[in-house]
Amino acid sequence: MGSISKQIKEASWQSNPIAYQVLGICSALAVTVDIKNALIMSGAVLVVLSGSNMTISLLRNLIPHRIRIIVQLAIVSTLVILVDQILSAFMYQQAKGLSVFIGLIITNCIILGRAEAFAMANGPLASLWDAIGNALGYGWVLVVIGFVRELFGSGTVFGFTVIPEFAYRAGYVNNGLMVLAPAAFIILGLIIWVSKELGGASGE
């Protein structure tokens with residue numbers, strides 16, 4: 001259990017895919033206007049990454065080396081389509097709001113990177129823990145960005161108003177910059193800086 005928790009901690013914090021490796025930042029900019037979209041995107045990546053890592057690990061000795069990337073893409077694409085269809089069936093409005101970004105998980109560098117660098121060289125359980133760690137690392141960054149952007153950009157959290165009415169009457173105005181992509185860049189930069197200061201994204 002100790003080695004599992006260590007593996008997950010290292011993947012989610014010390015070698016965080018966004019804060020340390022600077023991978024998958026497109027969705028961090030595009031879907032983090034509110035925390036709900038950030039959570040849904042994080043969950044989708046968790047499912048796809050876990051499923052693809054385990055499947056590729058199980059098949060790694062059967063996949064011809066020359067076509068391994070094609071096979072990996074086929075597995076990831078299948079899982080992304082399944083996730084997209086499930087979201088469309090049960091969470092239509094959220095799926096519509098995320099638009100093409102669920103489909104673009106196929107090209108997410110984190111997914112293909114872990115498949116090639118880890119799942120092709122390790123067993124299915126180790127690949128599963130690696131996937132969970134990287135997905136959690138990806139997810140907490142998106143959730144933090146989404147929380148800050150929604151709170152200061154819209155005055156809400158999970159769609160519920162949290163900025164009191166008297167604050168608006170006193171002159172408080174929601175920060176319009178927070179609903180724009182540059183705000184995500186700024187917050188992401190602050191997360192990377194804090195992570196490095198705390199030793200998380202520096203591998204210490």
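All of the numbers you see were taken from the coordinates with simple rules; none came from a lab. Small disclaimer: the values here were computed from a predicted structure and weren't measured. Glycine also receives a Cβ, built like all others from the backbone with ideal geometry; neighbour counts cover every protein chain displayed.
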What are the membrane-span-like helices in the chain by this rule: whole DSSP H runs, Cα extent along the axis at least 18 Å, mean Kyte-Doolittle hydropathy at least 0.0?
35-59, 68-90, 124-154, 181-198
Under 26 Å Cα-Cα from K196, which lysines qualify once same-chain neighbours fewer than 8 residues away are excluded?
K6, K9
Tell me, F185, F147 in order of fewest to most beta-carbon neighbours within 10 Å?
F185, F147
Dipole magnitude (debye, nearest 20) for the chain, charges at Cβ of Lys, Arg, Asp, Glu
280 debye
Note to self, the chain gives a 222 nm [θ] from helices alone (DSSP H runs n ≥ 4, -39500 (n - 2.57) apiece, / all residues, nearest 500) of -20500 deg cm²/dmol
Quotient of Cα Rg and 2.2 N^0.38 Å for region 17-198, N being how many residues it contains:
1.15
Quick one: if you stick a label point 7 Å off each Cα along the C-beta vector at R68 and K9, how many nm between them?
3.0 nm
Sort T156, T55 so the one with the fewest other Cβ atoms within 10 Å of its own Cβ comes first.
T156, T55
If the cut-off is 15 Å between C-alpha atoms, which aspartates and glutamates fall inside it for K96, apart from same-chain ones fewer than 8 positions away?
D34, D84
Mean Cα-pair separation over length for the chain, i.e. relative contact order, pairs under 8 Å, 6 or more apart, %
38 percent
Is the shape of region 38-119 rounded, prolate or oblate, going by the alpha carbon gyration tensor and its root eigenvalues a ≥ b ≥ c, with a/c under 1.5 for rounded and a/b larger than b/c for prolate?
prolate
Of the listed peptides 71-84, 95-108, 27-40, what is their order by residue-averaged count of other C-beta atoms within 10 Å, with the highest listed first?
27-40, 71-84, 95-108
Förster radius 25 Å - calculated FRET efficiency between L198 and F158 (Cβ-Cβ, nearest 0.05)
0.40
Have a look at G123, L98, T161 and report the one farthest towards the positive end of the charge dipole of region 17-198, computed about the Cα centre with Cβ charges (Lys/Arg +1, Asp/Glu -1).
G123
